């Protein structure tokens with residue numbers, strides 16, 4: 001085939017394709033604007049629409065593309081939102097691949113930490129090395145009803161393996177029984193073990209099992225015992241975080257401590273409700289969905 005014959009063939013194929021999709025491409029499309037609906041051209045959108053505009057990407061896919069090439073900036077998330085979130089995988093059936101996936105997502109989006117069961121701490125520590133994402137582990141999880149010595153040993157092992165935050169479940173039964181000293185000492189010893197290894201402690205009060213007076217007491221004891229945060233829920237109890245509980249907890253601990261809302265937070269609206277109530281950290285497994293909702 002000669003060069004002129006090839007040119008004619010390419011031109012013929014091009015004309016047939018344009019006829020199928022409704023005619024020649026307007027000049028605006030060649031400038032990167034033609035994928036917008038009439039009157040909806042994005043300001044400053046030149047050449048890179050598929051990377052910066054979700055609407056235009058949907059138009060591309062609807063026109064027949066089954067893959068879109070773009071840079072890592074395809075979703076422009078709000079980093080201040082991502083930095084609030086502990087990206088969490090605590091289900092007992094989680095596999096190595098599940099944990100690795102969560103760690104890679106945490107690196108990509110810039111989450112505050114990855115929260116895993118103690119067995120997975122070494123893997124998460126290895127996978128997150130060199131990043132700003134912390135490794136968080138749970139202790140006495142999910143019931144909190146074990147010996148303090150066991151919680152301390154679990155804390156020390158997790159910190160040695162690379163955990164820099166410890167989410168420990170308080171002794172809920174002791175609290176409900178009025179045994180405040182046991183609750184405080186339980187938290188104090190875990191906090192001492194964690195702080196000795198450079199890790200912060202979040203005391204999980206499992207708010208759904210407590211009345212408001214008990215919630216306030218649990219937070220007060222956690223503060224007296226040296227915890228760095230109080231946390232609403234394990235995510236395995238009868239209920240998750242509520243704005244009411246977060247506000248109550250914030251009032252109990254004041255501005256000096258962190259408040260973590262966890263359990264049932266699945267949307268950006270949920271997150272905003274919790275931060276408005278006083279939460280400074282969010283525990284979620286739907287973290288990617290939440291931060292992608294902030295994309296421009």
query: Which ranges mark the helices (runs of 4 or more DSSP H) fully within the stretch 210-296 that have 2 or more residues being in the same structural domain as residue 178 (by TED's automatic domain parsing), surrounded by fewer than 17 Cβ atoms within 10 Å (Cβ to Cβ) and free of Cβ contacts under 8 Å to residues at least 40 places away in the same chain?
result: 212-225, 243-253, 268-277
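On the basis of being surrounded by fewer than 21 Cβ atoms within 10 Å (Cβ to Cβ) and assigned to a loop (DSSP other than H, G, I, E, B), does residue 144 make the cut?
Details: surrounded by fewer than 21 Cβ atoms within 10 Å (Cβ to Cβ): no; assigned to a loop (DSSP other than H, G, I, E, B): yes.
For residue 144, the condition - surrounded by fewer than 21 Cβ atoms within 10 Å (Cβ to Cβ) and assigned to a loop (DSSP other than H, G, I, E, B) - is not met.
Could you list all residues from the stretch 151-168 that are over 15 Å from residue 88 (Cα atoms) and surrounded by fewer than 21 Cβ atoms within 10 Å (Cβ to Cβ)? Before the answer, list the steps.
First pass over the stretch 151-168, keeping only residues over 15 Å from residue 88 (Cα atoms): 151-162.
Correct list: 152, 153, 156, 157, 160, 161, 162.
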message: Can you confirm whether residue 129 is touching a helix residue (DSSP H, G or I) at 6+ places or on another chain (Cβ under 8 Å) and either over 21 Å from residue 238 (Cα atoms) or not in a helix (DSSP H, G or I) (or both)?
response: no
message: Going by what's in this entry, would residue 184 be described as modelled with pLDDT of 95 or more, within 21 Å of residue 251 (Cβ to Cβ) and touching a helix residue (DSSP H, G or I) at 6+ places or on another chain (Cβ under 9 Å)?
response: yes
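The values are calculated or read from the model by the stated rules, or taken from the named source; none is laboratory data. The model shown is predicted, which means the values in this text are computed figures rather than measured ones. Backbone-built Cβ (ideal geometry, glycine too); neighbour counts: all protein chains shown.
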